[in-house]
Amino acid sequence: MHMSDALITPIVGSSMLASSLGVMATATKKLDIESMEHRIPYMGVVGAFVFASQMVNFAIPATGSSGHIGGGMLLAILLGPHAGFLTMASVLLIQALFFADGGLLAYGCNLFNLGFFTCYVAYPIIFKPILGKVTQIVGDKQSQFRLGLASVLSAVIALQLGAFAVVLQTVISGRTELPFMEFTMFMQPIHLAIGLVEGLVTAAVVIYIAGQRPDLLHITNTSSIEKTGPSTKSLIRGLAIVTIVVGVLVSQFASASPDGLEWALENVSAHEIGGGVLEEIQGSIAVLPDYDFANDVLPSTVGVGVSGFVGSLLTLMMVVGIGLIVRKKSKSQT
Amino acid sequence: MSKRMENLIRISQLEELARRDNWLNNIHSLIKLIITIVYIFLISSIGKYELTKVLLFMVYPVFILTAADIPIKTFVGKMIIPICLGASLGMLNPFLDKTSVNLFGLTIISAGWLSFVVLWLKSTVCIAAAFILVSTSPIEQIVGALESLKFPKFMSIQILLMFRYITILISEFERALTAYSLRTQGRKALEWHVWGSFMGQIFIRTAEKSVRLYESMKLRGFNLQTAFTQKQKVKSIDVLYMFIWVGIFTGIHIWI
């Protein structure tokens, strides 16, 4: 699934490179570099293992053919999502430089297609939930079945997503004549078969390792090299920034058309719906009627932005106020 | 010879070329990396039917292969498979795009064939540019160049370790697969009932090797903060070299 430089335009390549570098930066931040010094040789050696294992042929029963693994899912299961993604980045760089397997401009695309979907989509959303809360993997049939099922499903879905991403990146670039539907119909079934083989091989390897050295799997690794999740303060800060951006900037693009209920009522009753006296009172006391200034002192865009900001602030104050009152009351009751 | 041994030989040949002492190898790796990136960037922005531009852009790999004395046999040997794979990228173009175009004002051919040839040449020269980079700069210098572009230090160390261990692990896989082949009357591919144990055993040995590797690195004074990758000094001739090539590429891109 390694894309060549000739398949994409510089814009697509640069955008995907920027996205992949962003994910790399996030993964680097998430890893506790100081305490993971001892893991760097391990990451390097595991990366070399995955690289070398790509040259091993696995005979597919009853077909007479053989396949090989990509290794993205294996990296995520062994190293975890962040270390796995960074190791995949190193593997792909060496492949692009020394083996002409994937281009340098397409590096970002390849890293995203092969690293992001395995480490940040399939592993946390499919693999870990199927496995459940595991503190100790035992060698019983149920654990093996869950490991196997999780590995196969994760690999299949990750490869399907990666293959579809290849289609999108190629079609958006417009470098080949293949139409979107035909290209998709061509890529997805092939990568379903590839994903199945990859999943089965990954399952076999992971089940074996779980039986012999379960401590080598990331999911059972108690000494975590990852930092704990974001603090409440940084979460609130982030949400506040998003709220301001949405309230002040994105609100400028809000539709002025009537909403679904108003539209439906207007069409049923064939005239504009009015609220009578109550509407007049509301109109006279509203500070920012219809999300704008009452008199046309400033342009409408400023009025909308100010409405968004003030509205968000008032909502925050009201929710915090209610929360403080509820907390005070519950404290006085205990 | 197995694919693994071929890859081993490929790596050692490229390393040997990169460690020669000649004028091109002595140019700063960051400069060569920038030239390669600009080259690939501009090649990728060439339109579907712009054959003249692609042919002019080929001046870079042709000049470098000649001036840097890179053996053509080695170059062609490394490029055969990527070139063939590159041809598969646009092989449906002649069937999907049947409009007629004039080539060099004279010949009328199908646009699909033209776009196929352009795509193939673009793929080939992009691969050639990457090949030129790694055959004129050792991996340590390339990683050092990436570090000067704010690549994380621990990633540089990891890439170097991975690169060194690839050869060791390929050899280990080769020995294990040879033993398997001898025990299974010449089978080349692993049967399904040994997938897990074969790969798992090699992986567990690999993991234990990494522990010994880290311990030996610590005994030799390894520390993430003070570990260094090869750093070179940028000379004015290197900068001039870069401006010349970027100027040529930009000129071809804008005026042709």
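Rule-based calculations on the coordinates, nothing more; no lab input. Predicted model only: the values in this text are computed from it and were never measured. Virtual Cβ from ideal backbone geometry, glycine too; neighbours counted across all protein chains shown.
For the Cα trace of chain B, dividing Rg by the Kirkwood Rh returns an Rg/Rh value of 1.05. Roughly speaking, what is the centre-to-centre gap between region A:85-113 and region B:125-141 when only Cα atoms are used, to the nearest Å? Using only Cα atoms, the two centres lie 14 Å from each other. Shown in residue order for region B:206-221 are the 3J(HN,Hα) couplings computed by the Karplus curve 6.51 cos²θ - 1.76 cosθ + 1.60 at θ = phi - 60°: 4, 5, 5, 4, 5, 5, 5, 4, 4, 5, 5, 5, 5, 5, 8, x Hz (x for Gly and Pro). Straight-line cross-link partners of A:Lys128 among the lysines, defined as a Cα under 21 Å from its Cα and at least 8 positions apart when in the same chain: A:Lys30, A:Lys141, A:Lys227. For a label point 7 Å from the Cα of B:Met91 along Cα→C-beta, name the residues of region A:149-177 whose backbone N is under 20 Å from it. Flagged as within label range: A:167, A:170-171, A:175-177. Eigen-decomposition of the gyration tensor built on the alpha-carbon atoms of region B:18-164 gives equivalent ellipsoid semi-axes of 34, 16, 14 angstrom, largest listed first. Pair-distance distribution of region B:152-219: all C-alpha pairs, bin width 5 Å, starting at 0; shares per bin in whole percent are 4, 14, 19, 22, 15, 11, 8, 5, 2, 0. Normalised by residue number, the volume inside the convex hull of the Cα atoms of region A:5-220 is 129 Å³ per residue.
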